[in-house]
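Enquirer: The structure follows.
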Amino acid sequence: MTTPERRHRTQAERTARTRAALLDATIDCLVERGYARTSMQEVCARAGVSKGAVQHHFPDKAQLMAAAVEHLTGRLTERHAPDTAGLPEGPERVTAIIDLLWESYSGTLASAAMELWVAARTDPALREAMRPVDRALGRATLDRLPAP
């Protein structure tokens, strides 16, 4: 009986895993607690990492939240990539596209993103950090839509 050879994870793999854990914990906090009650300490506890680890990846809460929106965008895109092959033609196509968008922006992932967009209205640092992510999300959404 041989035991399988155990490979050590690379630094890049450990970094990616820690970053993903932090972003997933942030999303969970946003959904459950809202932006105002999501703290770096709570995110660290949920992710199982030290405060130093989160600060290594994200220097402040605004940067963490902007990265969370980017992470959310990726997850929303993966989960809700529209199937445009079966869309009707003519005026019904517009209604079907609106339904696809509605489905994409519903649920817990979308709730977390909405929480951040609302918070950015009154938080200048968050707004500035989210601006490029928000623009990229808008472009990605438009790119996914079928041509009329």
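Enquirer: Would you mind finding the one in T26, T2, T15 that is part of a helix (DSSP H, G or I), among the β-branched types (V, I, T) and at pLDDT below 90? Step through it out loud before you land on a result.
Expert: Working: T26 fails: at pLDDT below 90; T2 fails: part of a helix (DSSP H, G or I).
Result of the check over T26, T2, T15: T15.
Enquirer: In the set V54, V31, which member is closer than 18 Å to A112 by Cα, of a type outside the set (F, W, Y) and either in a helix (DSSP H, G or I) or at pLDDT below 95 (or both)? Give the derivation first.
Expert: On the way: V54 fails: closer than 18 Å to A112 by Cα.
After ruling out the rest, the residue left standing is V31.
Enquirer: Only residues that are within 13 Å of the chain's Cα centre (by Cα), closer than 23 Å to E32 by Cβ and of a type in the set (G, A, S): list them for region 105-142, please.
Expert: Residues satisfying the conditions are G107, A110, S111, A112, A113.
Enquirer: Filter region 91-116 for residues that are surrounded by fewer than 16 Cβ atoms within 10 Å (Cβ to Cβ) and at pLDDT 85 or above and give the result.
Expert: P91, E92, T95
Enquirer: Also, quick follow-up: Any residue in region 52-61 that is surrounded by fewer than 19 Cβ atoms within 10 Å (Cβ to Cβ) and charged (D, E, K, R)? It would help to see each step written out before you state the result.
Expert: Here is the first cut: in region 52-61, the residues surrounded by fewer than 19 Cβ atoms within 10 Å (Cβ to Cβ) are 52-53, 55-57, 59-60.
Next, from what is left, pick out any that are charged (D, E, K, R): 60.
Within region 52-61, one or more residues are surrounded by fewer than 19 Cβ atoms within 10 Å (Cβ to Cβ) and charged (D, E, K, R).
Enquirer: Inspect region 129-148 for any residue being within 17 Å of V31 (Cα to Cα) and modelled with pLDDT under 85 and give the result as yes or no.
Expert: Looking for residues that are within 17 Å of V31 (Cα to Cα) and modelled with pLDDT under 85, one finds none in region 129-148, hence no.
The values are calculated or read from the model by the stated rules, or taken from the named source; none is laboratory data. What you are looking at is a predicted structure, and each value in this text was computed from that prediction instead of being measured. Quick reminder, even Gly has a Cβ in these numbers, built from the backbone with ideal geometry, and neighbours come from all protein chains shown.
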